[in-house]
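The values are calculated or read from the model by the stated rules, or taken from the named source; none is laboratory data. Just so it is clear, the model here is predicted, and its values are computed rather than measured. Cβ placement follows ideal geometry from the backbone for every residue including glycine, while neighbour counts extend to all protein chains displayed.
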Amino acid sequence: MRAHGTSIVVALLGVTLGCGHPAPGPAPQFVGFPDAVVGTTKRLAFHVAVRSTENSVEGQARAALDDLLRRDRGARIVRLRVFAVGSERLVIAQRVIGEALAARHIPLPALSLLGVQSLPGPGQLIEMESIGVGTRAINPHGLAFLAGLASPTGEKTAAGLARVARAAGVSPTNVVRVSCFYESADQLDGARKAVADTFPGAEAAFVQSYGSAATPAVECEAVARLADTVGATRYFNLPGTTPSPNFSRAALVSASQLAFTGTVVALGDSAADMHVLLDRVQASLTPLGGTLHDVAMAGNYWLTGAARDALRPARNEAYGSTVPAATGVFLTSLAPGNGTVALELTVPLR
C-alpha cells in the first residue's frame, strides 16, 4: 500500500456505446447488485478477462463477461471488479453485466466499479477481473492475500511482492492473480515483464490508476494458494520491519467461507461520511455472519488526499485490533460519479 496519495443501487442511464456521452435512450433502469456475496474458499478461482476487439464499452463489457463465465464451467461469480475511464463507462458496464446475467438467470455478484486514468491496450475501454466459485477444490489449504506493495518500478514492486510471499511461506509459483496499478505509462512494460517473470502461473491485470503523481509508483497486489492450512486468519509482516498501523503485508486464510463486498462508496470526505460508509459495509456483512473485525483484505480507493485521510482513522477504529492486508491507490473517478472514496472487503466467516 502506498502512503500518499458500489455496492449501492444506482440509476443506470442510457448512453452512447463508444464515447460514453449521455444520449436519449430507454427509460432508466434500477439494478441492485448485492452488497456482499459468499464463496467457498477452497473452490475460488481468480481470473482476468481476455481483451476484446469490440469497439464499444458495451461490446467489450459483454465480451469480458462471456470470457470469464467460460473459464470455469458451472462456476458462480461472486465478485466482478471493473475498471474503465470515467464514471459513465462504469455505469454502462454495470448495466450490461446486470442485463446479461439476468437474461441467463445467473445470480448477480458483488460489483466493484473503479474509474482509472487509462487502460494499456489500444482501444481498450474495459478491464475486468472475476472471483468465481467452481466445482473443484483448487485451494485445499486456503488462500494468501498479498497487500499492495508500491515502488518506483515494476521490477522492484514484483521483487518486493515475491519477498513477502516467500517470507509468509507462499511460493511465487502458487500466485494465481496479480493486479497492478501504475501511475505513468512509462512504467507499464517493465511492470508486465517483471510480473510475468516473477509469477509465471498468475493471470495479471494492469491499469493506470492515476496520472498526476509527482513521483509515480507501481502498486501491485496478489492472491495465492496456501501450501499448508492455517488456523485463525494470520496477518503477516516482514520480520525485522516495523508494521504499519494501516495494513499488514499479507493475510493467510483457511476459513471455509469468505464474504466479498463490492465497492461501497462515500459521498463526502468528512469523518461522519466515513462512519456512514463503514456502517453500510457492516450492515452488508451482518446477515452473512461477517464482521469488520475479521477483514482479511481491503481495497481502499480514493480520489483526494482529504478523503484518504478521513477514511484511515475511521476504518482503523472499525477494524478494532485487526490490521488487514490492504491496497490503497488514488483513482480518477468512481461510480456513482459524486463518490470520494470506495472500500472493497474480503472477510473470512467463522
Task: Which listed residue is in contact with a Pro (Cβ under 8 Å, 6 or more places away or on another chain) and surrounded by fewer than 23 Cβ atoms within 10 Å (Cβ to Cβ), from Val323, Val295 - done: Val323
Task: Among the residues listed as Leu258, Leu267, the single one being closer than 23 Å to Leu143 by Cα and in contact with a Gly (Cβ under 9 Å, 6 or more places away or on another chain) - done: Leu258
Open item on the list: Being of a type in the set (S, T, N, Q) and modelled with pLDDT under 95 is true for just one of Thr261, Thr241, Thr286. Which residue is that?
Closed with: Thr241
- [ ] From the list Gly18, Gly25, Gly59, Gly32, pick out the single residue that is modelled with pLDDT of 90 or more and either more than 20 Å from Gly132 (Cβ to Cβ) or not aliphatic (A, V, I, L, M) (or both).
- [x] Gly59
Task: In region 66-91, residue surrounded by the fewest Cβ atoms within 10 Å (Cβ to Cβ) [restricted to those that are in contact with a Pro (Cβ under 8 Å, 6 or more places away or on another chain) and within 26 Å of Leu288 (Cα to Cα)] - done: Arg76
Open item on the list: Condition first: touching a helix residue (DSSP H, G or I) at 6+ places or on another chain (Cβ under 8 Å) and either under 17 Å from Val264 (Cα atoms) or in a helix (DSSP H, G or I) (or both). Now tell me which residues in region 308-322 satisfy that.
Closed with: Ala310, Leu311, Pro313, Ala314, Arg315, Ala318, Tyr319
Open item on the list: For the structure I just gave you, tell me whether Val223 is within 19 Å of the chain's Cα centre (by Cα) and surrounded by 14 or more Cβ atoms within 10 Å (Cβ to Cβ).
Closed with: yes
- [ ] Residue by residue through region 94-149, note down the ones that are out of contact with any strand residue (DSSP E or B) (no Cβ under 6 Å at 6 or more places or on another chain) and charged (D, E, K, R).
- [x] Glu99, Arg104, Arg136
Task: Counted residues, region 298-309 - those being crowded, with 23+ Cβ neighbours inside 10 Å and over 26 Å from Ala144 (Cβ atoms) - done: 1
Task: Candidate set from region 332-350 (those that are polar (S, T, N, Q) and under 23 Å from Glu183 (Cα atoms)); member that is farthest from the chain's Cα centre (by Cα) - done: Asn338
- [ ] For Ser284, work out the one condition from (1) surrounded by fewer than 24 Cβ atoms within 10 Å (Cβ to Cβ); (2) part of a helix (DSSP H, G or I); (3) over 19 Å from the mean Cα position of the chain (by Cα) it doesn't fulfil.
- [x] (3)
